[in-house]
Amino acid sequence: MPDIAEIAASVDSLKRNFETHRYICSNQIATAVYLAFHLRKPVLIEGPPGVGKTELAKTTAEMFDLPLIRLQCYEGLDEAKALYEWKYGKQLLYTQVLKETLDEVLQGAKGFRESVSRLHEFGDIFFSEEFLEPRPLLKALREEGGCVLLLDEVDKSDHEFESLLLEILSDFQVSIPEIGTVKATREPPLVFLTSNNTREISDALKRRCLHLYIPFPDIDLEQRIIHARVPEIPPELRKQLVTFIHELRELDLKKVPAISETIDWARTLLLLHADRLDPELVRDTLNVILKFQEDIVNVDSEITTLTSKATKN
Amino acid sequence: MDRVLSNFIRALRNAEVRVSTAETLDAFNAVELVGYRDRAFLKDVLSLVLPKTADEKDTYADCFDNFFAFQELRGAEGKRGDAESGDDEGEAGDGEGEGNEASEATEGRGGGKGKGKSKSKRKAAEEPEEDLGPGDMAEATSALGKLLMAGAKSELAMEMSKAGTAVNVQEIQVFTQKGLYTRRVMEAMGLADLQQEINGLRQHRDVPHRRLGQELTRRREWLREQVRDYVEQQFLLHADATGRRLREELLRKVKLSNIEHRNFRLIQEVVFRMAKKLVALHSRRKKVFKRGALNVQRTLRHNMAYDGSIFDLHWKSVKIDRPKVFAICDVSGSVANYARFMLMFLYSLEEVMPKVRSFAFSSDLAEVTELFERNKLEDAIAKVLRDYSGGSTDYGQAFVDFKKTCLDEVDNRTTIIILGDARNNYGEPRTEILKEMYDRCKRLIWLNPESRSTWNVGDAEMRRYSAYCHQTEECNSLMHLERIVGNLLRTVT
């Protein structure tokens, strides 16, 4: 069990620990986790797809050895799926069963008033913890030793869902009308929200979060990332392929290759036992880094120039 | 030090980074946690707390560098002030030599610390310093002179801000006013008296008096720099945004064809903000329309109380039909600029109107939707204007082309917006196609950048076309655009 407080004591130690978990991060990212931990604030992570937004949350969970609770957001996601739901099947079943034993329950009570007061003695069992089906958000709040809560692609959800998040994010509590307010346990969860910016997140939500923007890494950082993720790849080739990817990102593409693509490509090249880039090899493996046919067609003519640029030094 | 942070936040707000009170509190908490020791670290930390979009982060980075660079400069300045005589004497070496080495040494150290760490700088500034060494210097008589000679930094700073308030330095609007305000603040602090005293002293017979005169001159220059810095800071805090807001206000009203190229970036921001407002307004309105499949689980749950008889129905919320908009833009020379802004506006509304298809023509019409999908907004617009704006306007031909390409896709949920001046160069107007479009679509709106009175003058065909429009509008400024698009959203959603 790693000592969470010790890991999070400084940005440097966070960075080091991330690296041992093969997540190479910039100062900015480590600072975000540092602040999130000490200020107990959620982090909203934005950036182009494939720069490691989700990975950051996962790695953090791994590093602190906390359970990761993940909620994938999508259009139409509502509280029943995100927060809690009554086990209505169970409730129905129990009412059916109880119907038959109603007499016993009422113990021969006479009259309406008496019956009702008998029933009251039972309290609201049907709407108690027994029948509550916790969904990810509630689960995260009730996790004893704290946890990492990841709300993935929060921009895909609706405005209503965002509003639902507000209470949780600012006070780490939710109100369930039938039960009352559920507060987080001693250790409130470490919350990460990711967004691909398909739409603007509302100001109210942003205000409650730290905002981390992860851009594409520079060449050095990306090389280190590749080194951490695909350590077997020879340094020369690593440098070449990262340079190549960076050249690609300069082009006018429908979807520019992200870090995840660079990693995939590195693995591919490793599998093919390549030790340096050449145009033929690049052409054959281009579909690993470019995901649209028209991008591939567009780049095809420039492969030779790009490769020679990447292999030049 | 909290003052520094809140001033910084004000500067940020002026630079159009929206910082709420809650975020300000967060910033204070964060700073309390990390302290001011490490500048780069502080920058990282605040960049997580204060700016909340990628754009704002850029602005923030600039703002941070400006603001805190300036603070540093001031620290250095303070140091020079503290160890002033030492430095100046050392470099000039003109044998005035009233050597207060002792104070020079200590102050030098104090100043050095202040430079690295802005926190101690203030402290250094408050420390009383500068005993005048061997006392062969006369006493200053004017109020300002006394303060200067006493080196009473905090009093001077207070005087400075008092003077600043007196001359309304917060009303500074453009940077050319900096000099003016510097002088005014100096005057309000009693420059005239000081000047007189200096003049008097300079011509005095006694050496100590002359010496004092020189000293005062030097200190006056130092003060001037302090005041300049102060004004500069006030400018950063107050002016930038006011000037900008003024310009934006103007831009909203000015005719779009008159907007200069250098303002495009600014206007784009205005457009985005207007669009954002509309988005916020209309995405909320959606709820009313929500009806769809039955949400079985929820319905059952809510009807348990009624013994399973289902009469309180709950629906799965479904996306409502979003408006389909076809924008047909005349991009010939006369109307190109209007087309630019309308396209900008429509595409900024992507969130509530994801299905905008756009067409551009001057003589031949082509669909340009894909250009907008592939490129950044500005690039796409530039490309459209480059590729389609040649050729003389021919509305008839454009309609024929439109009919060929996609009239079939126009249905009763479609809104067609035509932007153009209807100046057809006396060509065949082909109103029958427009009629066909009119019949098929939900709404056909014609936006004409010219003023109504000239709609039918010369080769303009507006009279004939307007018969087949649900709505014709004059549209030549951002305000018009906003109103029209707002109405559009109201009617189509």
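Quick query: amide H of A:Asp158 versus all other amide H atoms, modeled in the peptide plane; which residues come in under 5 Å with a sequence gap of 5 or more or a different chain?
The list, which skips near neighbours in sequence, is A:Gly76, A:Leu77.
Counting only other chains, what is the mean number of Cβ atoms within 10 angstrom of the Cβ of each residue in peptide B:141-149?
0
How big is the charge dipole of the stretch A:219-311 about its Cα centre, in debye rounded to the nearest 20, if each Lys and Arg gets +1 on its Cβ and each Asp and Glu gets -1 on its Cβ?
About 300 debye.
Return the subset of A:Lys255/B:Lys403; A:Lys53/B:Lys52; A:Lys58/B:Lys52; A:Lys41/A:Lys139; A:Lys58/B:Lys57; A:Lys41/A:Lys206 for which the Cα-Cα distance in this structure is over 21 Å, preserving the input order.
Over 21 Å apart, Cα to Cα: A:Lys255/B:Lys403; A:Lys58/B:Lys52; A:Lys58/B:Lys57.
May I ask you to evaluate 6.51 cos²θ - 1.76 cosθ + 1.60, the Karplus curve with θ = phi - 60°, for each residue of the stretch A:187-197 and list the ³J(HN,Hα) values in order in whole Hz, giving x for glycine and proline?
Whole-Hz 3J(HN,Hα) from phi for the stretch A:187-197: 9, x, x, 8, 9, 10, 10, 10, 8, 9, 6.
Share of antiparallel DSSP beta bridges in the stretch B:321-492, in percent to the nearest 5?
In the stretch B:321-492, DSSP labels about 15 percent of beta bridges as antiparallel.
Taking R0 as 41 Å, what's the FRET efficiency between A:Asp12 and A:His273 from their Cβ-Cβ distance, rounded to 0.05?
0.60
Efficiency by 1/(1 + (r/R0)^6): what FRET value for B:Ala143 and A:Ser117, r their Cβ-Cβ distance, R0 = 56 Å, to the nearest 0.05?
0.05
For chain A, what does -39500 (n - 2.57) per DSSP helix run (n ≥ 4), summed and divided by total residues, give at 222 nm, in deg cm²/dmol to the nearest 500?
One gets -15500 deg cm²/dmol as the mean residue ellipticity at 222 nm.
Using only alpha-carbon positions, what ratio does the radius of gyration of the stretch A:84-131 give when scaled by 2.2 N^0.38 Å?
Against the compact-globule rule of thumb, the ratio is 1.27.
Set the Förster distance to 35 Å, then compute FRET efficiency between B:Ala192 and B:Leu33 from the Cβ-Cβ distance, nearest 0.05.
So, using R0 = 35 Å, E works out to roughly 0.10.
Sorted by mean Cβ packing within 10 Å, highest first, what order do the peptides A:242-248, B:179-185 take?
The most tightly packed comes first, giving A:242-248, B:179-185.
Averaging over all projection directions, find the projected area of the Cα convex hull of the stretch A:114-196 and quote it in nm² with one decimal place.
Average projection, Cα convex hull of the stretch A:114-196: 6.9 nm².
Shielding by partners for B:50-57, please: the mean number of other protein chain Cβ atoms within 10 Å of each residue's Cβ.
Mean partner shielding for this stretch: 5.
Grab the alpha carbons of the stretch B:321-492, take their convex hull, and tell me the volume per residue in Å³.
100 Å³
In nm, to one decimal, how far is the A:Arg224 label point from the A:Gln72 one, both placed 7 Å along Cα→Cβ?
Spacing of the two 7 Å Cα→Cβ label points: 3.2 nm.
Sort B:414-420, A:172-178 by packing, meaning the average of other beta carbons within 10 Å per residue, with the highest value first.
Answer by packing, highest mean first, reads B:414-420, A:172-178.
Given the stretch A:219-311 reduced to its alpha-carbon atoms as identical point scatterers, what log10 I(q)/I(0) does the Debye formula return at q = 0.13, 0.14, 0.15 Å⁻¹?
Log10 I(q)/I(0), no solvent term: -0.36, -0.42, -0.48.
For B:Lys383 paired with B:Met304, estimate the spin-label separation in nm (one decimal), with each label point 7 Å from Cα along the Cα-to-Cβ line.
Roughly 5.6 nm, to one decimal.
May I ask you to work out the translational diffusion coefficient for chain A at 37 °C, viscosity 0.692 mPa s, via Stokes-Einstein with Rh from the Kirkwood sum over Cα pairs, reported in whole µm²/s?
This corresponds to a translational diffusion coefficient of 144 µm²/s.
Could you work out the mean count of beta carbons from other protein chains within 10 Å of each residue's beta carbon in A:250-256?
1
Of A:Phe37, A:Tyr88, A:Ser10, which is farthest on the positive side of the dipole of the stretch A:1-94, counting Cα position, with +1 on Lys and Arg Cβ, -1 on Asp and Glu Cβ, and the Cα centre as origin?
Toward the positive end, the furthest listed residue is A:Tyr88.
Distance in nm between label sites at B:Glu221 and B:His204, each 7 Å beyond Cα in the beta-carbon direction?
About 2.0 nm, to one decimal.
No value in this document is a laboratory result; all are computed from the given coordinates. Since this is a predicted model, take the numbers as computed values, not measurements. Here Cβ is always computed from backbone atoms with ideal geometry, including for glycine, and neighbour counts include all displayed protein chains.
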